[in-house]
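Heads up: the structure comes next, in structure tokens.
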4 protein chains.
Amino acid sequence: MSKKKLNVGLIGYQFMGKAHSNAYRQVGHFFDLPAEIGMHTICGRTPGPLKAAADQFGWANTETDWRKVVENPEIDIIDVSTPGNSHAEIAIAAAKAGKAVFCEKPIGNTLAEAKAMLEAVQAAKVPHAVFHNYRKAPAVALAKQLITDGRLGTIYHWRATYLQDWIADPNFPLVWRLQKEVAGSGTHGDINAHIIDLGRHLVGELAEVSGMLHTFIKKRPLAGEIDANLGAKASQEMGDVTVDDAAMFIARFKNGALGTFEASRFAVGRKNYNRFEINGSKGSLVFNLERMNELEFYDNATPEQTHGFTLIQATEGSHPYAGHYWPVAHIIGYEHTFTNLIADAVTNMVAGKRIEPDFVDGYENQRVLDAVERSSEAKGWVSL
Amino acid sequence: MSKKKLNVGLIGYQFMGKAHSNAYRQVGHFFDLPAEIGMHTICGRTPGPLKAAADQFGWANTETDWRKVVENPEIDIIDVSTPGNSHAEIAIAAAKAGKAVFCEKPIGNTLAEAKAMLEAVQAAKVPHAVFHNYRKAPAVALAKQLITDGRLGTIYHWRATYLQDWIADPNFPLVWRLQKEVAGSGTHGDINAHIIDLGRHLVGELAEVSGMLHTFIKKRPLAGEIDANLGAKASQEMGDVTVDDAAMFIARFKNGALGTFEASRFAVGRKNYNRFEINGSKGSLVFNLERMNELEFYDNATPEQTHGFTLIQATEGSHPYAGHYWPVAHIIGYEHTFTNLIADAVTNMVAGKRIEPDFVDGYENQRVLDAVERSSEAKGWVSL
Amino acid sequence: MSKKKLNVGLIGYQFMGKAHSNAYRQVGHFFDLPAEIGMHTICGRTPGPLKAAADQFGWANTETDWRKVVENPEIDIIDVSTPGNSHAEIAIAAAKAGKAVFCEKPIGNTLAEAKAMLEAVQAAKVPHAVFHNYRKAPAVALAKQLITDGRLGTIYHWRATYLQDWIADPNFPLVWRLQKEVAGSGTHGDINAHIIDLGRHLVGELAEVSGMLHTFIKKRPLAGEIDANLGAKASQEMGDVTVDDAAMFIARFKNGALGTFEASRFAVGRKNYNRFEINGSKGSLVFNLERMNELEFYDNATPEQTHGFTLIQATEGSHPYAGHYWPVAHIIGYEHTFTNLIADAVTNMVAGKRIEPDFVDGYENQRVLDAVERSSEAKGWVSL
Amino acid sequence: MSKKKLNVGLIGYQFMGKAHSNAYRQVGHFFDLPAEIGMHTICGRTPGPLKAAADQFGWANTETDWRKVVENPEIDIIDVSTPGNSHAEIAIAAAKAGKAVFCEKPIGNTLAEAKAMLEAVQAAKVPHAVFHNYRKAPAVALAKQLITDGRLGTIYHWRATYLQDWIADPNFPLVWRLQKEVAGSGTHGDINAHIIDLGRHLVGELAEVSGMLHTFIKKRPLAGEIDANLGAKASQEMGDVTVDDAAMFIARFKNGALGTFEASRFAVGRKNYNRFEINGSKGSLVFNLERMNELEFYDNATPEQTHGFTLIQATEGSHPYAGHYWPVAHIIGYEHTFTNLIADAVTNMVAGKRIEPDFVDGYENQRVLDAVERSSEAKGWVSL
């Protein structure tokens, strides 16, 4: 008996488009899914690069009008991988059209958008997912297991940084990610959102925050034509940077844990340093995305003679996701976090279960982003 | 104009079959190749698992008789991924049939086999490649670049270990990799061969060796049915382990460098620890496969105030292979070494250039393996 | 010609007393000082343990009344190593008696005390020093050099944590360090003070802070007799913990850099994890006291091919302080930071130069501690 | 009641003289010894520098004729810290004079010397010790404990390197350590001897070896006046390097373990990289002198979910030696290994127990050095 087929329409074909396409293409080769994935249509505004992307990434069709994709009865899942300013419109339309909606993070550029999106998918009773893909690294999933199993006891501290440096050069141009009207925010929504998600996932909901957002370089050369990844051509004319270069906050979680969060694109030398440390009464955990196959675990039950942080290679067949790939210590990479997320999403979708993370997570994340922004403006604590 | 298509016939569908299949499937999505890869036929002896493998890995056809694959005029490349005792027969037949031959390492189980295989592909003037895939990790390719650029100066030391522990349990059963008549040797041909290749690739040819091979556990439970990866079911009956558990040697390279090589499957706690260090008059390099996106470089030209080993993340767009994948520090994994190797092999094959590494490398590697075995038996140095 | 002799009177003989004694005893054997150090008198309240300490640490005389030490005309330097609640009284008396005053940190338990102490030494025109000893680790001094030389460019980020876990056990007793009336504060004055000093030293003065102090365990068993180090005997009776278990804040420096500071005694698994990272436009630095001989440096001027964090072993003869000890990579330890501080202090004292760090540093440090406390209470930002 | 006093006469005042002096001076301040150490006399040939050394290091008297020190009835312990070519004569004379003899390693420049020295101390029934100080690092002593407690099970592998680079520059002059008639050998006796001692101490006696010694730079500028540490002044005239620049061997231990040993002064970038790894059936250990406060331990009994190498900070009060110094993770350094050795030696000497390591260890070590040299010449295995 052949499997049900789920056809995907992907809106957006740049960095995230490439990553999502790879996941859809690969997932069935590593996971025994309850449905077959059809890479039906990829959608973008510029026909030439769009066709090239379709060929390169393995999509059957192209379409320049996202509304046609959303309305296409052959399509089951709409994947929203565009810049943040179009997420809400596309996702809401997709929900109304009865499609499952898998959306990049942050789900909207504002809390209002996020709320409307969540209401739309809930009203339409369609499956929904948000691409907080780092939950799906085996080492992070193992961290979650250990916490759920009580291995950390009462959690006292969450300490997270997401550090990059790709715009530290003042001559790096004003790409869309530096424009508030397109990107919504800077590091805050782009990478702080990731560590907020990890904090919520691993420790719990936040109660109150005190933060600051800051822009170091306030004017940059206008970008020429924007290229397929993050880069851009520099020009002589200058424009205003309207988003934050760095965003950080201290927080109290509802369960009493204390948290620090810091995101920056000005941490020279740090390329993709998404690191967290959790300290609990029974143990501690450390993760760093740049060594994403590893998890450090301190078990307070170990006798003093031999206690210390243990470097777990989260690549054993028994570790989450890892058994689907290669033997122990034959590592996987960044792209596999998306594959794992799609595997989970499709599995739960077919089973009629809640996908995790979903728009509820996306919305809660946005509530935190919003509270930190208000805290930064008000120069005081904001409750959630 | 459509690209030339190169159809592949893959012989073998276990661990290496899975890795090679993934590479053939993925390579065109990340590299702009001069030819399209056709995943034509996968071949194995047992129809049921073979069909499952074909479906999972993405092959169009199955075939239980490798001779039919070799003779199939639609097929351009024969990929030999069987255990070592069938490499020579298949590869020689494929060469005689005019096919390109891409063969797993070590190319044969004996030096005589390797020699016959090399002669066969040379006589048939067909393209040939051997899967010493670790050359193709970006960090290793960067190491090669730095050496070629003279950044290490005169090389004094090569120091390599390849450490695993998957058979350290004495009750681990007698799988095919522990039987000389199938595998040819134990750690020696399996993993020592990898660091020998890296040593030859990065430092140069060896002049003489003094080594020892050793078997710690001489009897093991007979394996039940062998599973798709390395595992097996244990039984009560015992059989003789006829290969080495550990193999190590000291060496002189022709260029005057000194080398140490050590491979073991009894290094408890080491899972896939393929590490090398090279010391030259102008600098040093360190690589460890378990952190395969990283390369440590010591530059002797740096002033004393700030000298030290620099942890390079070999993930920049300008680093070898890395630009085909993801932004900096969004790491790749084990599987990508095969993708890179196939990309190079197909590119060179279409261009009529020598593929690297090829059967010459496979043969030279086997000469070293053979010399070390003879040295171990004779308890003295053996010249190459 | 014999050197001038400077006699020291040490008030306090527990953990800091042991560390300071070692420094006075050793400094002349590694540094060619302009004066000889005389270990004249050690002072404490309990004669028996005091005599034992004198013998063990190498002091010529003992005295149970600190006032007699301060008034002793043979003594040149008063070292204040008692708990914080007696610093001000002793230091002010010593200054009035015309002695040089070397005081443990934080210099007082309140800002008012710190101010009075600073005024006292300035009024008396006596030399003064404060034991922010971590400035004197060779790796930290090298960091200072690199910053002074402009190797980091404009500093964007300071990120510091000082993490310990020695009171994470809720049954750990109520020792003096957990009592506000003795210790002034908990982690805040004890270890946050250290990273505040490092931040001031390496980046500059703070402009404003938003912080929180928190006590996880609010009642603990009363301590029995307090022992010579940090430990204590547990009893059944419970008492109130009146200091913070964790203290953290975000900050803006006057030069525009952003900072995060976090100190905790509840970071299970972290023993003495005093780590900072500084990101500037031209480079970055990382230090961790647990590997105090090392400094990581990222030089943004390095070409992309080989850029990365360089692990400098700050043990070369040309590195600060290191040349006084052992050959390269023959590491030194915690105790040597005190030795280096004393060497600098005595050298500058004899030369009539400002000692660094001194009571000005101590006072400025206390201003930050005070501002963070007020911020925590007011739940808002406090300017300095 | 006052303690017995043991007066020391130290022969030699350069690098080792400084290290030993520090240990004698400090040991009583950290250990409660059964005897008081008297730093009676330091001996060297050149009065000026000798007097300076005495003052700097804290010795009461100086003497230019070692025979007078050996014959001095006030002296109990003769410490032999001269270059290797005078060890035998001094040590034998000291033994005959009834003194305890504490000798630097390797104890002699030849096996014959070592044998004569061992016979002399045994005939004279005097206490004897050899300065294989790295046994006394807390982390190494902890390794020994874990092995003794059976935590490693059957040992399969010993893997050690001692890498330095201080003579990698071909213009580094021909100091005494590069002259066979003074130093006996190069890296072999200087640093290979250290890892041989660690291998013997931790794994057991060697059964057979196959090795090679090599000199990369055969002529060097003659040294000018030799300075107090390793350095020297370069001159124009060239002389022959008569010792090895690198020495390495593979080995079988009597208990069946396999070993690799490699020492080099041409490992550019490695400053004092004395690293070993031990793999046993139940666990593994890794130590590196450059991070000498740490020990990595892999416990094979840990469940797969959380197994990995644990980074133990061997600084707990319960760890060997560590409790004598500072609180946990307040690290100690190179010099403390000598202090610990002296503490053990004096304690055992007073108790009439065997000191460990002693001349038996020194002699067995020399037997291995000698066997490796003969193996290198004969190009074959040599049994011990």
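Throughout, read-outs are computed from the coordinates displayed, never taken from laboratory work. Only a predicted model underlies this, so the values are computations on that prediction, with no experimental measurement involved. Every residue, glycine as well, gets a Cβ built from its backbone with ideal geometry; the counts of neighbours run over all protein chains shown.
Count Lys and Arg as plus one, Asp and Glu as minus one, and take only other residues whose Cβ is under 12 Å from that of C:Ser86; the net charge is then -2. How much FRET efficiency would the formula 1/(1 + (r/R0)^6) give for B:Met238 and D:Lys144, where r is the Cβ-Cβ distance and R0 is 35 Å, rounded to 0.05? Given R0 = 35 Å and the Cβ-Cβ separation, E is 0.45. Each Lys and Arg adds +1 at its Cβ and each Asp and Glu adds -1 at its Cβ; summed about the Cα centre, the protein assembly as shown shows a dipole of about 0 debye. Determine the shape class of segment A:262-325: with a ≥ b ≥ c the square roots of the Cα gyration tensor eigenvalues, call it rounded for a/c under 1.5, and otherwise prolate if a/b is greater than b/c, oblate otherwise. Cα axes put segment A:262-325 in the oblate bin.
Got a sec? Charge dipole of segment B:101-260, +1 on Cβ for Lys and Arg, -1 for Asp and Glu; which of B:Val209, B:Pro221, B:His188 is way out at the positive end? The listed residue farthest towards the positive side: B:Val209.
DSSP bridge analysis restricted to chain B gives an antiparallel fraction near 60%, rounded to the nearest 5.
For C:Glu205, the shell of other residues with beta-carbons less than 10 Å away shows a net charge of +2, using +1 for Lys and Arg and -1 for Asp and Glu. Count Lys and Arg as plus one, Asp and Glu as minus one, and take only other residues whose Cβ is under 11 Å from that of B:Arg45; the net charge is then -2. By DSSP, the beta bridges lying fully in the protein assembly as shown are antiparallel in about 60 percent of cases. About its Cα centre, segment B:1-109 has a charge dipole of approximately 40 debye under the convention of +1 per Lys or Arg Cβ and -1 per Asp or Glu Cβ, with nothing else charged. Evaluating 6.51 cos²θ - 1.76 cosθ + 1.60 at θ = phi - 60° for every residue in segment A:151-164, the Karplus couplings come out as 5, 9, x, 6, 8, 9, 9, 10, 9, 10, 9, 10, 10, 9 Hz, glycine and proline recorded as x. Comparing A:Met349, A:Tyr334, A:Phe297 along the charge dipole axis of segment A:292-372, the residue lying farthest to the positive side is A:Met349, per the Cβ-charge model.
Is the C-alpha gyration tensor of segment A:80-231 telling us rounded, prolate or oblate? Criteria: a/c under 1.5 is rounded; beyond that, a/b larger than b/c is prolate, otherwise oblate. Verdict is oblate for segment A:80-231. Springs between Cα atoms under 10 Å define the GNM used for chain A, and in it the highest mean-square fluctuation of A:Ser264, A:Ser21, A:Ser318 occurs at A:Ser318. Near A:Leu206, the amide H atoms lying under 5 Å from its own belong to A:Lys254; only residues 5 or more places off or on other chains count, and H is placed 1.01 Å from N. Karplus-based coupling profile of segment B:258-274, in residue order and whole Hz: 9, x, 10, 9, 9, 10, 8, 10, 10, 8, 3, x, 8, 9, 7, 8, 9, with θ = phi - 60° in 6.51 cos²θ - 1.76 cosθ + 1.60 and x standing for Gly or Pro.
For C:Thr62, nonlocal amide neighbours, meaning residues 5 or more places apart or on other chains whose placed amide H falls under 5 Å from its own, are C:Ile42. Ascending distances from the D:Lys219 label point to its copies in the other chains, with the point 7 Å along the Cα-to-beta-carbon line: 6.3, 6.6, 8.5 nm. Helical runs (DSSP H, four residues minimum) scored at -39500 (n - 2.57) apiece and divided by the length of the protein assembly as shown put the mean residue ellipticity at 222 nm at -9500 deg cm²/dmol. Between amide H atoms placed 1.01 Å from N, distances below 5 Å from C:Thr154 occur with C:Ser281, C:Lys282, all of them 5 or more places distant or on a separate chain. Among the listed pairs A:Lys3/A:Lys99; C:Lys115/C:Lys353; A:Lys5/A:Lys353; A:Lys51/B:Lys18; C:Lys5/C:Lys353, which are separated by more than 25 Å between their Cα atoms? As for pairs spanning more than 25 Å Cα to Cα, those are A:Lys51/B:Lys18.
Would segment D:273-384 count as rounded, prolate or oblate if I go by the C-alpha gyration tensor, calling it rounded below 1.5 in a/c and otherwise prolate when a/b exceeds b/c, oblate otherwise? Oblate.
When chain C is treated as a GNM, springs tying every alpha-carbon pair under 10 Å, which of C:Gln305, C:Gln14, C:Gln366 comes out with the largest mean-square fluctuation? Ranking C:Gln305, C:Gln14, C:Gln366 by mean-square fluctuation puts C:Gln305 first.
The alpha carbon centroids of segment C:104-155 and segment C:10-28 are separated by 19 Å.
Long hydrophobic helices in chain C, taken as whole DSSP H segments with a C-alpha length of 24 Å or more on their own axis and mean Kyte-Doolittle hydropathy at least 0.0: C:334-351. Sorted from longest to shortest, the spans of the Cα atoms of chain D along the three principal axes equal 64, 60, 39 Å. Which of the aspartates and glutamates could a cross-linker span from D:Lys68 if the Cα-Cα distance has to be under 16 Å and same-chain partners fewer than 8 positions apart are dropped? Correct list for D:Lys68: D:Asp76, D:Asp79, D:Glu89.
Over what distance in Å are the Cα centres of segment C:359-384 and segment D:292-307 separated? Taking the Cα centre of segment D:292-307 as reference, the centre of segment C:359-384 is 43 Å away.
Above 17 Å, the calculated P(r) of segment B:4-133 contains 54 percent of its Cα-Cα pairs.
Computed about the Cα centre, the dipole magnitude for segment C:235-309 is approximately 240 debye when only Lys and Arg (+1) and Asp and Glu (-1) carry charge, each at its Cβ.
With the label put 7 angstrom out from Cα along the Cα-to-Cβ vector, A:Gln145 ends up 3.2, 3.7, 4.8 nm from the copy partners, going from closest to farthest. Within the listed set C:Ala95, C:Ala247, C:Ala35, the residue fluctuating most in the Gaussian network model of chain C (springs between alpha-carbon atoms under 10 angstrom) is C:Ala35. Every pair of different Cα atoms in the protein assembly as shown enters the Kirkwood calculation, which places the hydrodynamic radius at 34.8 Å. Using the Cβ-Cβ distance between D:Lys353 and A:Asp55 with R0 = 60 Å, the FRET efficiency computed as 1/(1 + (r/R0)^6) comes to roughly 0.15.
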